[in-house]
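The values are calculated or read from the model by the stated rules, or taken from the named source; none is laboratory data. Quantities reported herein were computed from a predicted structural model and do not represent experimental measurements. Using ideal geometry, Cβ is built from the backbone for each residue, glycine included, and neighbour counts are taken over all protein chains shown. To get the accessible areas, we keep the full protein, side chains included, count just its heavy atoms, and leave off ligands, DNA and RNA. Shrake-Rupley method; radii C 1.70, N 1.55, O 1.52, S 1.80 Å.
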Amino acid sequence: MKSDAKIFVAGHRGMVGSAIVRKLEQAGYRNLVLKTSSELDLRNQSAVAAFFEQEQPEYVFLAAARVGGIIANSTRKAEFIYDNLMIQTNVIHEAWKNGVQRLLFLGSTCIYPKFAPQPIRETDLLTSPLEPSNDAYAIAKIAGIVQCRSYNQQYGTRFLAAMPNNLYGPGDNYDLTGSHVLPALLRKFHEAKQSGSPNVTVWGTGTPLREFMHVDDLADASLFLMLLDDGCYEELLMYSDAPALINVGSGQEISIANLARMVQQVVGFEGELVFDTDKPDGTPRKLADSSRLHALGWKHRIELEDGVRDAYRWFVEQYVS
């Protein structure tokens, strides 16, 4: 990918897309094509077709998606499956029609079964039932993986799907009804500290284990994958056990209870931590096996507590003010 290559980052205002843009700019890429959702509705087939025909990007980072935490995933399933299916179907199809050289489709480890063996390997896809609370989102992302594989097989495209774990960092969503667990905790503890509340309530038992990765590490991994030499990249696409699919993880696994205590310490909240055991826990454990990516030479750089402090600084500076 030459420095003057024309690169379309779909979803550049989201947490993942904006991190990819920052990484590309830091690496010296300037020929970036960026469109807001009001300028280009990726759910609109004809609009996406016209965009690709006019712009002719050479590379695509597909980070645009409808995303959210356990509340949003379980209460807005129709939105999650429709929006994600439409976005990815249109972009992947037009990328093929217009000769895009490489496309990286970003999903989530939510695609894997609820009770998948741990750590979860790419080959565990579709081996048993999904977590019901986010099955609509997961099925949409699985369809995107299969679409990449199918276009590679039939049309000779070079589209790769990367599945990160739980992400956090600058640009995250801090809405308590739509956010993921880590930003929700940061906001809850911050507001409790500001209001002098005696306690903070956390959903569930606190026992589920989750793997977290700073979004800047995902951006770094995304560029790493896009820049792989042809031989390594083709091996990923043609890998017989899980073609065109690779996990992107940090290995930084922590229980929700210990995460809450870490956030409590970072924020400086001195009250009590309460677990609402009537609320759902979700998947009991979700640790990605990222050994294939690590074998290629990529490892995460940002440790969890450092990343949480960075995320809290951003929240205070940008979100609160």
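Within the bounds of segment 71-92, is there any residue that is assigned to a loop (DSSP other than H, G, I, E, B), more than 18 Å from HIS214 (Cα to Cα) and open to solvent by 50 Å² or more (accessible area, probe 1.4 Å)? Quick ask: steps written out before the conclusion?
Here is the first cut: in segment 71-92, the ones assigned to a loop (DSSP other than H, G, I, E, B) are 76.
Retained after the next criterion (residues that are more than 18 Å from HIS214 (Cα to Cα)): 76.
Pick out the ones that are also open to solvent by 50 Å² or more (accessible area, probe 1.4 Å) and you get 76.
Among the residues of segment 71-92, at least one is assigned to a loop (DSSP other than H, G, I, E, B), more than 18 Å from HIS214 (Cα to Cα) and open to solvent by 50 Å² or more (accessible area, probe 1.4 Å), which makes the answer yes.
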Fill in: Given (1) touching a residue at least 12 places away in the same chain (Cβ under 8 Å); (2) out of contact with any His (no Cβ under 9 Å at 6 or more places or on another chain), number of the condition ASP310 does not satisfy
(2)
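Looking only at residues that are in a loop (DSSP other than H, G, I, E, B) and basic (Lys, Arg) in segment 102-136, which one is modelled with the highest pLDDT?
Of segment 102-136, the ones in a loop (DSSP other than H, G, I, E, B) are 107-108, 112-119, 121, 125-131.
Subsequent filtering for residues that are basic (Lys, Arg) retains 114, 121.
Working: LYS114: 89, ARG121: 98.
Looking at residues that are in a loop (DSSP other than H, G, I, E, B) and basic (Lys, Arg), I get ARG121.
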Discussion item. Checking the conditions here, which among GLN264, GLN252 is surrounded by 19 or more Cβ atoms within 10 Å (Cβ to Cβ), of a type in the set (S, T, N, Q) and over 19 Å from the mean Cα position of the chain (by Cα)?
Written reply: GLN264
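Suppose the filter is open to solvent by 10 Å² or more (accessible area, probe 1.4 Å), closer than 21 Å to LYS279 by Cα, in a helix (DSSP H, G or I) and in contact (Cβ under 8 Å) with a residue 60 or more places away in the chain; does ALA184 pass it? Step through it out loud before you land on a result.
Values: open to solvent by 10 Å² or more (accessible area, probe 1.4 Å): yes; closer than 21 Å to LYS279 by Cα: yes; in a helix (DSSP H, G or I): yes; in contact (Cβ under 8 Å) with a residue 60 or more places away in the chain: yes.
Criteria met by ALA184.
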Practice prompt. Go through (1) at pLDDT below 95; (2) out of contact with any Pro (no Cβ under 7 Å at 6 or more places or on another chain) and name the single condition GLY99 misses.
Written response: (1)
Discussion item. Condition first: open to solvent by less than 60 Å² (accessible area, probe 1.4 Å), closer than 30 Å to PRO132 by Cβ and in a helix (DSSP H, G or I). Can you find one or more residues in segment 280-301 that meet it?
Written reply: yes
Discussion item. Yes or no: segment 151-172 includes at least one residue that is in contact (Cβ under 8 Å) with a residue 12 or more places away in the chain, under 17 Å from the mean Cα position of the chain (by Cα), at positive phi and open to solvent by less than 10 Å² (accessible area, probe 1.4 Å).
Written reply: yes
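Determine which member of the set GLY231, GLY271 is farther than 24 Å from GLY171 by Cα, open to solvent by 20 Å² or more (accessible area, probe 1.4 Å) and free of Cβ contacts under 8 Å to residues at least 40 places away in the same chain.
After applying the criteria, what remains is GLY231.
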